[in-house]
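Q: Please see the structure below; I have some questions.
The values are calculated or read from the model by the stated rules, or taken from the named source; none is laboratory data. Only a predicted model underlies this, so the values are computations on that prediction, with no experimental measurement involved. Cβ coordinates were reconstructed from backbone atoms using ideal geometry, including for glycine residues, and neighbour counts include every protein chain displayed.
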Amino acid sequence: MLKTLPLAERVRQLHPSPTMAIDSKAKALIAQGKDVVNFGAGEPDFNTPENIRQAAITAINEGHTRYTVVGGIEALKVAIQDRIRQDTGVEYQTDEILVSVGAKHSLYNAVMSLVNPQDGVLLPVPYWVTYPEQITLAGGIVQYVVPHLEHEGVPYPDDIENFMTESSRGLLLNSPSNPSGVVISPHVLEQIARLAVAKDLWVISDEIYNRLVYDDTIHQSIAAFPGMRERTVLINGVSKSYAMTGWRIGYAAGPKHIIKAMTSLQSQSTSNPSTISQYAALAALKGPQEQVDVMRSEFDRRRRYIVERLNQIDGLSVATPRGAFYVWVNMAAWKNRTVGGRVIQNADDLALAWLEKANVAVVPGSGFGMPDYFRMSYATSMERIETGLDRMQSLLDSRQ
Ligand SMILES: Cc1ncc(COP(=O)(O)O)c(C=O)c1O
């Protein structure tokens, strides 16, 4: 009989995405016919705008169905160059840009090209679940940066310095943040930039939510500060801003030699991202931008409602997120209390109680490095948000 084949060490260390775990549990319940309100989604609930869909159809009909150059078609790189200039003021040449199969792939290419075994990579907590896995896969050591309580989730330079060691080589920043919705102010970013220059750190800056910021919040890129362009790889993509998660187009911009290495890596793994999707992304970046604002306004409306409601629920507290489409909720007051017949130790328990007894899915914070918090996405309709919150509240009120 054939023995079970052993797996390579590197994949044995990988953890499946915890955000996917709750999502698949929720989907299994939905498949059984249960009416689950799913706050787990990490994607806009809107359809991709019409002009973008149409551009993809035209691309197919015009025969753009073959391989392209590995790093993406020149016209798309020019559109990305323009977009980055408009958003950040930073000027990149097209050979300093690489188009990949979603921003996650851009991040993977960047991490694999920058991290050597045993290199320390500073990662502010809470973090998006994928970062530690990619760093570990590259052989790097994740150095978690826990911001001081008073800093309200913002990683200040003294926080970063607190967790820095001799082996620290780089810093992974994500602003606006998934899961917390925190946006690092230009003033703090400038100080972080000074630290990066002083300590000779590279920075991977994941700015995928940069266009989804609210109120008077200003998003700035760390690449825009003195000395940073040459030590930053900026990551972005079309998934979140244009409701294009399924199209799989992300991009990276950075120093030429790093982009060249990332392109080589991509040439030996995936080759070019889907040709049709590249044409769709081109239409997204070059076409009318009103849809981005329409979606942002709707997210904003939901954000205000969900924050207000959550803060009215006994034992839950939430700071108003400044960006992205998530709320990051503190549930510590519920520890050691009983909900749905279960004694609650952390947000995992509470999430399970809500899923099993109230048909509501939220994502526990353990996968993001903060087990007393959970994440709710407001990329779902106002009506569903209302229903979900009512159910969550009534399970807590019933206290069985
Ligand atoms: C912070 C962050 N970066 C990157 C991504 C990945 O985006 P893409 O779908 O373009 O791979 C996500 C998606 O959830 C995200 O939240």
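Q: Can you list residue pairs whose Cβ atoms sit under 7 Å apart, with the first residue in region 90-111 being free of Cβ contacts under 8 Å to residues at least 40 places away in the same chain and under 16 Å from residue 73 (Cβ atoms) and the second being away from the ligand (no atom under 11 Å from the Cβ) and not basic (Lys, Arg)? Count only pairs 6 or more apart in sequence or on different chains.
A: 94/74; 94/78; 94/81
Q: What about residue 212, is it in the same structural domain as residue 85 (by TED's automatic domain parsing), within 16 Å of the ligand (Cβ to nearest atom) and under 22 Å from the mean Cα position of the chain (by Cα)? Break it down into steps so the answer makes sense when it comes.
A: Numbers: in the same structural domain as residue 85 (by TED's automatic domain parsing): yes; within 16 Å of the ligand (Cβ to nearest atom): yes; under 22 Å from the mean Cα position of the chain (by Cα): yes.
When the stated conditions are applied, residue 212 passes them.
Q: If residue 334 meets every condition in (1) over 30 Å from residue 213 (Cα atoms); (2) of a type outside the set (Asp, Glu); (3) in contact with a Lys or Arg (Cβ under 9 Å, 6 or more places away or on another chain) apart from one, which number is that one?
A: Of (1) over 30 Å from residue 213 (Cα atoms); (2) of a type outside the set (Asp, Glu); (3) in contact with a Lys or Arg (Cβ under 9 Å, 6 or more places away or on another chain), only one is false for residue 334: (3).
Q: For region 267-326, what are the residues that are on the phi > 0 side of the Ramachandran plot and either part of a helix (DSSP H, G or I) or surrounded by fewer than 16 Cβ atoms within 10 Å (Cβ to Cβ) (or both)? Lay out the reasoning, then the answer.
A: Here is the first cut: in region 267-326, the ones on the phi > 0 side of the Ramachandran plot are 271, 315, 324.
Those that are on the phi > 0 side of the Ramachandran plot and either part of a helix (DSSP H, G or I) or surrounded by fewer than 16 Cβ atoms within 10 Å (Cβ to Cβ) (or both): 271, 315.
Q: Right, another one. Restricting attention to region 197-213, which residues are farther than 30 Å from residue 372 by Cβ and of a type outside the set (Asp, Glu)?
A: 197, 198, 199, 202, 211
Q: When only residues in region 115-140 that are among the hydrophobic types (A, V, I, L, M, F, W, C) and surrounded by 21 or more Cβ atoms within 10 Å (Cβ to Cβ) count, which is nearest to the ligand (Cβ to nearest atom)?
A: Let us first name the residues in region 115-140 that are among the hydrophobic types (A, V, I, L, M, F, W, C), namely 115, 121-123, 125, 128-129, 135, 137-138.
Still in the list and also surrounded by 21 or more Cβ atoms within 10 Å (Cβ to Cβ): 115, 121-123, 128-129, 135.
Working: 115: 17, 121: 16, 122: 16, 123: 12, 128: 4, 129: 9, 135: 14 Å.
Filtering region 115-140 for residues that are among the hydrophobic types (A, V, I, L, M, F, W, C) and surrounded by 21 or more Cβ atoms within 10 Å (Cβ to Cβ), the one nearest to the ligand (Cβ to nearest atom) comes out as 128.
Q: Return the pair list, or none, for Cβ contacts closer than 8 Å from residues in region 144-166 that are within 22 Å of residue 319 (Cα to Cα) to residues that are acidic (Asp, Glu), at least 6 apart or on different chains.
A: These pairs meet every condition: 145/159; 146/159; 147/159; 148/158; 148/159; 151/159.
Q: Any residue in region 245-265 that's closer than 14 Å to residue 278 by Cα: show its pairings with residues that are at pLDDT below 95 and within 16 Å of the ligand (Cβ to nearest atom) at Cβ separation under 9 Å, as long as the two are six or more apart or on different chains.
A: Hits for this filter: 245/42; 245/43; 245/44; 246/43.
Quick grid of which residues meet (1) more than 12 Å from the ligand (Cβ to nearest atom); (2) of a type outside the set (Phe, Trp, Tyr); (3) not in a loop (DSSP other than H, G, I, E, B):
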{"residue": "90", "(1), (2), (3)": "yes, yes, no"}
{"residue": "105", "(1), (2), (3)": "no, yes, yes"}
{"residue": "108", "(1), (2), (3)": "no, no, yes"}
{"residue": "113", "(1), (2), (3)": "yes, yes, yes"}
{"residue": "142", "(1), (2), (3)": "yes, yes, yes"}
{"residue": "155", "(1), (2), (3)": "yes, yes, no"}
{"residue": "173", "(1), (2), (3)": "no, yes, yes"}
{"residue": "178", "(1), (2), (3)": "no, yes, no"}
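Q: A further question follows. I need the full set of residues from region 206-259 which are in a helix (DSSP H, G or I) and either more than 25 Å from residue 282 (Cβ to Cβ) or touching an Asp or Glu at 6+ places or on another chain (Cβ under 6 Å) (or both), in order please.
A: Initially, region 206-259 is screened for residues in a helix (DSSP H, G or I), giving 222-224, 229-231, 245-247, 256-259.
Across region 206-259, the qualifying residues are 222, 230, 231, 245, 256, 257, 259.
Q: Ok, one more. From the list 182, 203, which residue is under 20 Å from the mean Cα position of the chain (by Cα), assigned to a loop (DSSP other than H, G, I, E, B) and either within 16 Å of the ligand (Cβ to nearest atom) or outside the structural domain of residue 328 (by TED's automatic domain parsing) (or both)?
A: On the way: 203 fails: assigned to a loop (DSSP other than H, G, I, E, B).
Going through 182, 203 in turn, just one is under 20 Å from the mean Cα position of the chain (by Cα), assigned to a loop (DSSP other than H, G, I, E, B) and either within 16 Å of the ligand (Cβ to nearest atom) or outside the structural domain of residue 328 (by TED's automatic domain parsing) (or both): 182.
Q: If you don't mind, another one. Output the residues belonging to region 305-315 that are touching a residue at least 12 places away in the same chain (Cβ under 8 Å) and within 30 Å of residue 243 (Cα to Cα).
A: 305, 306, 307, 309, 310, listed by residue number.
Q: Out of region 215-237, which residues are among the polar types (S, T, N, Q) and either within 16 Å of the ligand (Cβ to nearest atom) or in contact with a strand residue (DSSP E or B) (Cβ under 8 Å, 6 or more places away or on another chain) (or both)? Break it down stepwise before answering.
A: Step one: of region 215-237, the residues among the polar types (S, T, N, Q) are 217, 220-221, 232, 236.
Hits for region 215-237 are 217, 221, 232, 236.
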